[in-house]
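The structure appears right after this line, and notes come after that.
The values are calculated or read from the model by the stated rules, or taken from the named source; none is laboratory data. Note that this is a predicted model, so its numbers are computed, not measured. Please note: Cβ atoms are built from the backbone with ideal geometry, for glycine as well, and neighbour counts cover all protein chains shown. Just the protein is used for accessible areas: all its heavy atoms, side chains included, with ligands, DNA and RNA removed. Shrake-Rupley method; radii C 1.70, N 1.55, O 1.52, S 1.80 Å.
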Amino acid sequence: MMYHHTLLLVVLAAMTLLSADGFTICIPKHNKSLSISKVQQHHFDLSSRQRTQAIISMKGVKTATMATSFFHGDTTFVLTSLLLLVSAAGIAMEQKTTFGKALSAPLVTMLCSLLLANVGIIPFKSPAYNLINKHLVPLAVPLFLFDSDIKRVVRDAGSLLLAFLVGALSTVAGTIAACACIPLKSLGDQGWRVALALNSRHIGGAINFVAVADTLNIDGSVVSAAIAADNIVVALYFAILFYLSKPGEPNRDATTSKEEAKSMNIPSLGDEIIVAEEEEITTSSIAYSLASASVLVTTGEIITRALCPSLSSMVITSLLTVIAATLRPSWFQMLRKSGSAIGILFLQLFFAASGASGSLALVISKAPSLVAFSMMQIAIHFLVLIGVGQCILRLDSNELYLASNANVGGPTTAAAMAQAKLWNRLILPALLVGVFGYATATALSLSLIPIVKRIIT
């Protein structure tokens, strides 16, 4: 039964492919597309690999054009349908299969779109990708921050907040050290950019990685390689954290219960969205969430243009959302679940678009250096966190492991660890500090641009 949803998505994808009005021939080296009429005149200029791609794409054009009169004729609509399908397939695979759960929904989605693009089924460039990056990604930022009430974080997180702050600074130290030892010069101008994106991910989460990647215009191939490499390292690191930590309640006092933590319901990309009756995801909550996010993004853009045009508007938007959620917590708590659900879909679409614009050969060639970089970054993060947190601040070791999980993985993985280790009083603090990471990681990472750029370049 668990494979029926995935099978249905595959069937839908096949039907969507039949409805295309022709596929664009995409040649990644020149970063442009050739129409069928121009293939012949340019054929002698192409490498053997590019000729193969062109032939595959021409076959796709013939098949698709024959089906046009029977199905859909709008290629942009068809492409958007495919992006939604691979986004949904990633979530379904993570929920329903062991393989998908091991890879994660973003990585499954990126791999699917990467393969579709590299065999010539979907283009490497499209207005649909620009729409996702320019409009949906900025909306996803406030949607994920609706529960970032700073007063609640300070009040309820306790000593875990201090451990988390030490962990965030440890990640910065790890990033700077990794840049000096593994400068990623093979990535050229993309090296310092992806280093900052990984820094933001290891303080906040996927939404911060996306925000930094979009702000710094990181190439889709590099995004795909970074996600794949980092997922491997993070999976190994979580296994180490679970091995080192001890089950049972830590000695430190905490202020929350397991039941209170459930009320936050912050889903990961592959989690089912389960809501209580009083906080259902309704048409109204979806409309209010999108309207609130749109107002925050628009206001953030206006303020950014007026005060600092060179700065990413996402930084101001994040700040405005945190302020609004702190001043009006009741309103934004009512919208947090619908906001998270919509934000997850927008993030999945970003990963789909990033995979589609990437080169499979580049992903394979660059992943090993990114694995080494991420491994060193997280290793130094752990050593500094334990050294400062345990030896200087005398914090509980289990709290330090949990704070590190919140840094590297985000609120959902940290809460899952607290629950698995029977630290019931730390489940809500783990969620709160994770959300605090969402609120601060993007701005902190972008502030490191001068330092990291100087080291790598």
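Scan the stretch 115-141 and report the pairs whose first residue is farther than 15 Å from G220 by Cα and in contact (Cβ under 8 Å) with a residue 24 or more places away in the chain and whose second residue is open to solvent by 20 Å² or more (accessible area, probe 1.4 Å) and of a type in the set (F, W, Y), with Cβ atoms within less than 8 Å and a gap of 6+ or a chain change. From the stretch 115-141, the pairs are G120/F23; I121/F23; L136/F346; L139/F346; A140/F346. Residue count for the stretch 117-139, restricted to those that are outside any helix (DSSP H, G or I), surrounded by fewer than 24 Cβ atoms within 10 Å (Cβ to Cβ) and touching a helix residue (DSSP H, G or I) at 6+ places or on another chain (Cβ under 8 Å): 6.
Applying a threshold of 8 Å to beta carbon distances and a minimum spacing of six or more residues, or different chains, the list of pairs starting in the stretch 278-303 at a residue that is farther than 20 Å from L320 by Cβ and ending at one that is of a type in the set (A, V, I, L, M) reads E279/M334; I281/I273; I281/V275; I281/A341; S285/M334; S285/L335; I286/I342.
All told, A352 falls short of being assigned to a helix (DSSP H, G or I), at pLDDT 90 or above, open to solvent by less than 10 Å² (accessible area, probe 1.4 Å) and over 30 Å from A89 (Cα atoms). Among the residues examined, I456 does not qualify as of a type in the set (A, V, I, L, M) and modelled with pLDDT of 95 or more.
Within the stretch 206-218, being at pLDDT below 90 and assigned to a loop (DSSP other than H, G, I, E, B) holds for no residue. Only one entry in V371, V408 is assigned to a helix (DSSP H, G or I) and either buried (at least 24 other Cβ atoms within 10 Å of the Cβ) or more than 18 Å from the chain's Cα centre (by Cα) (or both), namely V408. Scanning the stretch 147-156 for residues that are β-branched (V, I, T), free of Cβ contacts under 8 Å to residues at least 60 places away in the same chain and over 21 Å from D74 (Cβ atoms) turns up at least one hit. When the stretch 315-364 is filtered for residues that are of a type in the set (S, T, Y) and free of Cβ contacts under 8 Å to residues at least 24 places away in the same chain, only S330 remains. Restricting attention to the stretch 301-336 and to residues that are more than 20 Å from S200 (Cα to Cα) and among the small types (G, A, S), the residue that is surrounded by the fewest Cβ atoms within 10 Å (Cβ to Cβ) turns out to be S330. Could you tell me which residue of the stretch 425-457 is most open to solvent (accessible area, probe 1.4 Å), considering only residues that are in contact with a helix residue (DSSP H, G or I) (Cβ under 7 Å, 6 or more places away or on another chain) and of a type in the set (S, T, N, Q)? By that ranking, first place goes to T457.
Residue by residue, here is whether (1) modelled with pLDDT of 95 or more; (2) more than 15 Å from S170 (Cα to Cα); (3) surrounded by 19 or more Cβ atoms within 10 Å (Cβ to Cβ) holds:
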{"site": "L383", "(1), (2), (3)": "yes, no, no"}
{"site": "C391", "(1), (2), (3)": "no, no, no"}
{"site": "L402", "(1), (2), (3)": "yes, no, yes"}
{"site": "A415", "(1), (2), (3)": "no, yes, yes"}
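Taking each residue of the stretch 228-250 that is closer than 30 Å to A361 by Cβ and looking for partners that are open to solvent by less than 60 Å² (accessible area, probe 1.4 Å) and small (G, A, S) with beta-carbon atoms closer than 6 Å, six or more apart or interchain, yields A228/A367; A229/A367; A229/S374; D230/S374; N231/S104; V233/S374.
Within the span defined as the stretch 97-105, every residue fails to be open to solvent by 10 Å² or more (accessible area, probe 1.4 Å), touching a His at 6+ places or on another chain (Cβ under 9 Å) and of a type in the set (K, R).
Residues in the stretch 140-160 that are open to solvent by less than 30 Å² (accessible area, probe 1.4 Å), under 21 Å from T321 (Cα atoms) and either part of a loop (DSSP other than H, G, I, E, B) or not acidic (D, E) (or both): A140, V141, P142, L143, F144, L145, F146, D147, S148, D149, V153, A157. In summary, G387 fulfils each of the numbered conditions (1) touching a residue at least 12 places away in the same chain (Cβ under 8 Å); (2) under 16 Å from A163 (Cα atoms); (3) open to solvent by 10 Å² or more (accessible area, probe 1.4 Å) with the single exception of condition (1).
Inspect the stretch 330-337 for any residue being touching a helix residue (DSSP H, G or I) at 6+ places or on another chain (Cβ under 8 Å), among the hydroxyl-bearing types (S, T, Y) and assigned to a helix (DSSP H, G or I) and give the result as yes or no. There is no residue in the stretch 330-337 that is touching a helix residue (DSSP H, G or I) at 6+ places or on another chain (Cβ under 8 Å), among the hydroxyl-bearing types (S, T, Y) and assigned to a helix (DSSP H, G or I).
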